[in-house]
Amino acid sequence: METFIIRALQLILCLSLLIVLHEGGHFFFAKLFKVRVEKFCLFFDPWFTPFKWKPKHSDTTYAIGWLPLGGYVKIAGMIDESMDTQQMKQPAQPWEFRSHPAWQRLFIMIGGVLVNFLVALFIYSMILFHWGDTYIPMSQMKMGMKFNTQAKALGFEDGDILLRTDTKAFKSFDSNTNISDTYRDISTARYVVVNRKGREVKVNIPDGGLNMLEMFRAETPFVLPYLPSRIDTVLGDGAAAKAAIKAGDRIVAFNGTPLETWGEYNSLISRMHKRLKGAPTDDSLQARHVTVAIYHAATGKTDTLHMMLDDNLMMGVGQSSLLTYYKPVTQHYGFFSSFPAGINHGVQVLKGYVGDLKYIFTKEGAQSIGSFGAIGSMFPAYWSWYRFWELTAFISIILAFMNILPIPALDGGHVLFLIIEMVTRRKPSDKVMERAELIGISLLLLLMVWAIRNDIVNFLIK
């Protein structure tokens, strides 16, 4: 429950901040061009509004809704998600959206997207200024990597150190961003160069590349750093402590399956989780009785121990990490130098996200679409300002890109109609705009239902 609350608070704070800034972008340009904003609402408020406030001598009511699926500004004289068609039947007023030139209306519509993108670049820049860029260079991972059968069929071998593709060098493998970049770079490469026992070897990638989603979703990961299954700490009074396991010992087999790395161990535990999800209590209890072969560092002997895992299939040990074996480097940035670096990073994130959208049109991609459950799971189970701001910047870029897509009811849909108007010098009729808005809202609702369905399915199978 505590983990859920921490993640939920981070998600709510992140979305609230980005929604206010996005709608503030529309609000700013509307006020700049003297267009009346009737309502500025954080979250949606169908049927009733829990909180609202209208300052004296102001045309705008500020509100907080009860449905946290977004937010909106109601701009006078505009057909939007409020579907206020009665106002449009009245004579146009000089302070209404429809009475202003198309170029001004265009700026009002792209204001939210513009702010979201600029905010993301600013956050990335400030992350680099405050924390710098700390990572473990891939070239220094002297124990190399561990590959699954798909990767080995391509020519990779355990112990290979990833160096570069035909287009760029690998950076690191010690954060979610770097892991995603590594998988993306491999999937789109023509070949990958590795350091194999001191010499460079080229591994060719099939024409057309690899499916990155399949690489991620494989039961055994395509590639992971080689991390020996050495126990870093023994926790509390768990199964490991009761079995007299000590820090420095290594797990060499689990339920009869030999293993060398924590990646292999975690894959076995993940399979157990999936197998036991929804299983009867008796089956779960029986499965939690496991045999673990332990190499004792103090004696040099290997024992096969019988132990009972807890409800989360944990044996009560802390795993060693990359920091156990490698020393990270930190690249520091001054205030002014952080901006070009942050902008470059944000642009690369956007390129990667746009490139990955092709997977949405595959079966695996459609199943990976998620809503608030999927977004919330991205946040850590503890409060980390570094991770919070990193994810806030990433989500801001996603919101910017998704909103500019030429889909009716989104900002991009309005922009498309405005561009058509500017080219043809003819406004679409109110009836056309109303129907387009209704179609767009319907499509977005269907997409939301599908995303929530995926969240529920993913929760049940975990």
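Straight-line cross-link partners of residue 242 among the lysines, defined as a Cα under 26 Å from its Cα and at least 8 positions apart when in the same chain: 301.
Report the calculated FRET efficiency for residue 233 and residue 285 (r = Cβ-Cβ distance, R0 = 25 Å), to the nearest 0.05. Result of the calculation: an efficiency of 0.40. Taking only the alpha-carbon positions of the stretch 208-357 and ignoring solvent, what does the Debye formula give for the base-10 log of I(q)/I(0) at q = 0.19, 0.20, 0.22 Å⁻¹? Rounded to two decimals, the profile gives -1.16, -1.24, -1.41. Put simply, the convex hull of the Cα atoms in the stretch 239-285 casts, on average, a shadow of 4.2 nm². Partners of residue 52 within straight-line reach, counting aspartates and glutamates whose Cα lies under 15 Å from its Cα and excluding those fewer than 8 residues away in the same chain: 38.
Within the stretch 199-237, which residues have the backbone N less than 19 Å from the label spot 7 Å out from residue 275 along Cα→beta-carbon, could you tell me? Zone members listed by number: 218-221. Seen from all directions on average, the stretch 144-203 presents a Cα convex hull projection of 3.8 nm². Couplings 3J(HN,Hα) of the stretch 304-320, computed from phi: 9, 10, 9, 8, 10, 6, 7, 4, 9, 6, 9, 9, x, 10, x, 7, 5 Hz, in residue order, whole Hz [Karplus 6.51 cos²θ - 1.76 cosθ + 1.60, θ = phi - 60°; x for Gly and Pro]. For Kirkwood radius over Cα pairs in Å, the value computed from the atomic coordinates appears in the list (i) 21.8; (ii) 22.8; (iii) 25.7 under label (iii). For residue 427, which lysines qualify as cross-link partners when the Cα separation must be under 24 Å and same-chain residues fewer than eight apart are set aside? Those lysines meeting the cut-off are 31, 34, 74, 89. Summarising the label geometry, the points placed 7 Å from Cα in the beta-carbon direction at residue 429 and residue 62 lie 4.1 nm from one another.
Taking the helices alone, the chain has a mean residue ellipticity at 222 nm of -15500 deg cm²/dmol, built from -39,500 (n - 2.57) per DSSP H run of at least 4 residues and averaged over all its residues.
Distance between the pseudo-spin-label points of residue 49 and residue 217 (7 Å out from Cα toward the beta carbon): 4.3 nm.
Across the options 296, 194, 344, the greatest Cα extent toward the positive end of the charge dipole of the chain (unit charges at beta carbon of Lys, Arg, Asp, Glu) belongs to 344. Other residues lying with their Cβ under 11 Å from the Cβ of residue 162 contribute a combined charge of +1, Lys and Arg counting +1, Asp and Glu -1.
Computing FRET efficiency as 1/(1 + (r/R0)^6) for residue 95 and residue 299, where r is the C-beta to C-beta distance and R0 is 60 Å, gives about 0.10.
Where a number appears in this text, it was derived from the coordinates with a stated rule and is not lab data. Note that this is a predicted model, so its numbers are computed, not measured. For neighbour counting, all protein chains shown are included, and Cβ atoms are generated from backbone atoms with ideal geometry for every residue, glycine included.
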